Amino acid sequence: MALDYRKCAEEIYSHLGGRENIISAAHCATRLRLVIADNSKLDKEALENVDGVKGMFESNGQLQLIIGTGTVNKVYDEFLAVTGMTAATKDEVKAAAAAQAPLWRRILKVPGDVFVPILPAIVASGLMMGIVEAIPKFAPAFGATDWFSFLDLVANTAFALLPVLVAISASRVFGCNIFLGAVMGLMMVHPALINAWTVGNYAAGEIPTWHLLFFNVQQVGYQGHVIPVILSILLMSYIEKWLHKHVPEMIDLFVTPLCTVLVTSFITFTIIGPVFSVVENWVLAGAQVLITIGAGLGAAVMGAIYPLTVVMGLHHMYNVIEAGMISSTGVNTWMPIASAANFAQFGACLAVALKVKNQKTKSVALPSSLSASLGITEPAIFGINFRFMKPFACGMAGGAVASFLASHMHGTDMAGNVVPFGATTYGVTGIPGIPAVNNTGMYLIELLVAAGVAFALTWIIWKEDEQPKAKKEAAPAKAAEKIEAPKTSVIRCAAGAVLQPTKGKVIAREQIPDETFAAGILGDGVGIEPEEGVVVAPFDGEVTSVADSKHAIGLESNGMEVLIHVGVDTVSMNGNGFTPAVKEGDKVKAGQKILTFDRAKIKAAGHPDTVVVLLTNSDDLENVECGAK
Amino acid sequence: MKSFNYTITDPVGIHARPAGILVKEIKNYVGTTVTVTKGDKSVNALKLMALMGMGIKQGDTVTVSIEGENEEEVAAKIEEFFKTYF
């Protein structure tokens, strides 16, 4: 039976906690991807049971509903109609999700977000530049032809005017008008400014200078610069948003763009540009030093830790360094290291693929290793190497050795001069990197060493009977999830028993170091001197309240109302040190973890950490009996 | 029915212990129903859990309604109680 798209969309919508709880919606090939304001308002169980939803998971701040190829787009269209939302692109959904990530992650994400979209332009230019520059080495006459001159122009356009691409991409990332962003980028490489690459031909005093207020601004362009451009656009996004908010709508159309560009360009040329081109030069110099110091040891270290940065998702940051290197020296000496590191992961993964007997692992490892050889290492790293850990470490070793070698290699540029070994582009490693490097023979040797070392080490060290690390971790986690009800009870009455929620010595209510609790004003119960900072549910029941200050949880079961209050006077800690694992309305099983607390923090705040367990409606219940049993 | 508004001045608000003594106080007045309202949420003040679940904090204004026998007299006593403890 065909799925009723409308009904499916309506049902999904009905379980999302209202229109205002949906920040944005998009879909990919199989999934409906939603960013939700408050996940606690979702009815997850109901969502999974909607006819047409094949599965659901939460990842990166997105709620993803698996609907299926060919169906998801139809459900999505209906979903937009039902909710009255406008279509969001996947990027917008990712941006909305990122807004919910912590600040440092958002900052680290910026370079990747800016550079990944312009990769096609960079790769096209870079590879063509590699080929165009390689030909004259074999056929010197080619360098004098019109074809060479034409292809050279085509190849270097993206790099010569890189700030424009960066500005446009950054405008999309920071959410400002991309045409104004383009204007900023174009301005920074305006033909009326002295080209940053030829400024060396001028004597210091000859460079034309503007005198603007207190600033002396040299009329030099920002060819090859990246960081000043990104920061300029970031600034522009704030100025633009501020103006949109404060300028009356009638004149917004012309006042806002005018003021945005004017203010941004002034600050860019007077402060951001001069300051951050210097900072950028330091970063580049630092990176170049890092990979050349210690007679190649620096490079070896970088080659080893590179895959770790891939695992953490930080490797897109290197784009800034690589783009800067190409723009300033024409040689990306970072690329051989990235290549060594990536190709070593290929070697390690291939060793696993050939050695493993488990068909399932083999079927993952083989294509993953092929993909890694083409420079896309994520499947190999996450699917195989990092899971088994040893292949990953062997890959790191291979990367280190090959990077060390690479730092001792040299290449030649078009004119036959000896230059450091590197590439003319970035964003390509492994086999696709071949046309981009300035010494193909050396590059092949480097790749062979990287993969060879990693392959050999993995082949020797890794044994199949070792389970994937993730599985090992999952096994005890599963055991922990298997909820075990505590064996002793602390309060019993006609309606049932309250099991001991925290390990430790049970004391009589009268001994709780607090008058109100001890006097039984809140009900009869016991105190527990905790041995560990974990509270579990004392029965199968429902959570009726979680204090704002997180230190007390109320539960109900079969007419018994129980308050578990951790520590005395701990309300004044305002939740610091307490982590509830449940929320109001949750159903819990006896023994299920409901709260963790930090005993040291309670002690440090000067409070007793006695866990108070009270049957708050003990007056209404019969045969109430307290004490451990 | 009698009712009064009260703005909480106790720094911890009506949490476990204060809520406990309020419940205890109200239990003294058999035959009256006391309701505490904050915003659009109302609870029977005899229900300790419900009362705590309201998350009443310093600065919040609550409405206390008393219904039943001797409500005039009881209301005065409860208002006095709020002023003393919260």
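The values are calculated or read from the model by the stated rules, or taken from the named source; none is laboratory data. For clarity, every value in this text was computed on a predicted model and none was experimentally measured. No Cβ is skipped: glycine too gets one built from the backbone with ideal geometry, and neighbour counts run over all protein chains shown.
Tabulated data
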quantity: Residue in region B:51-85 that is surrounded by the most Cβ atoms within 10 Å (Cβ to Cβ), counting only those that are of a type in the set (A, V, I, L, M, F, W, C) and within 14 Å of chain A (Cβ to nearest Cβ); calculated: B:M52
quantity: A:S328 being free of Cβ contacts under 8 Å to residues at least 24 places away in the same chain, among the polar types (S, T, N, Q) and either assigned to a helix (DSSP H, G or I) or under 28 Å from A:F115 (Cα atoms) (or both); calculated: no
quantity: Members of region A:552-561 found to be in contact with a strand residue (DSSP E or B) (Cβ under 6 Å, 6 or more places away or on another chain) and either facing chain B (nearest Cβ under 9 Å) or free of Cβ contacts under 8 Å to residues at least 40 places away in the same chain (or both), listed by number; calculated: A:A552, A:G554, A:L555, A:E556
quantity: Selection count, region A:520-535, where residues are among the hydrophobic types (A, V, I, L, M, F, W, C) and either facing chain B (nearest Cβ under 9 Å) or within 38 Å of the chain's Cα centre (by Cα) (or both); calculated: 4
quantity: Yes/no for A:F517 being in contact with a strand residue (DSSP E or B) (Cβ under 6 Å, 6 or more places away or on another chain), within 14 Å of another protein chain (Cβ to nearest Cβ) and either closer than 18 Å to A:C626 by Cβ or hydroxyl-bearing (S, T, Y) (or both); calculated: yes
quantity: Unique residue being at pLDDT below 70, of a type in the set (D, E, K, R) and within 30 Å of A:G52 (Cβ to Cβ) when the list is A:K74, A:K94; calculated: A:K94
quantity: Only listed residue being at pLDDT 90 or above and among the hydrophobic types (A, V, I, L, M, F, W, C), chosen from A:L235, A:L213; calculated: A:L235
quantity: Breaking point among (1) under 25 Å from A:G330 (Cβ atoms); (2) of a type in the set (A, V, I, L, M, F, W, C); (3) assigned to a helix (DSSP H, G or I), for A:A192; calculated: (3)
quantity: Candidate set from region A:566-595 (those that are more than 14 Å from chain B (Cβ to nearest Cβ) and over 21 Å from A:G525 (Cβ atoms)); member that is modelled with the lowest pLDDT; calculated: A:N576
quantity: Sole exception among (1) surrounded by 24 or more Cβ atoms within 10 Å (Cβ to Cβ); (2) not in a helix (DSSP H, G or I) for A:I376, by number; calculated: (1)
quantity: Any hit, region A:489-512, residues being under 26 Å from A:K603 (Cα atoms) and within 14 Å of another protein chain (Cβ to nearest Cβ); calculated: yes
quantity: Test result for B:L48, surrounded by 15 or more Cβ atoms within 10 Å (Cβ to Cβ) and at the interface with another protein chain (Cβ under 9 Å from one of its Cβ atoms); calculated: yes
quantity: Breaking point among (1) modelled with pLDDT of 80 or more; (2) crowded, with 21+ Cβ neighbours inside 10 Å; (3) among the hydroxyl-bearing types (S, T, Y), for A:S125; calculated: (1)
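Listed here are the residues, each with its yes/no results for (1) within 9 Å of another protein chain (Cβ to nearest Cβ); (2) under 20 Å from A:T488 (Cα atoms).
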position	(1), (2)
A:A537	no, yes
A:G541	no, yes
A:T544	yes, no
A:R599	no, no
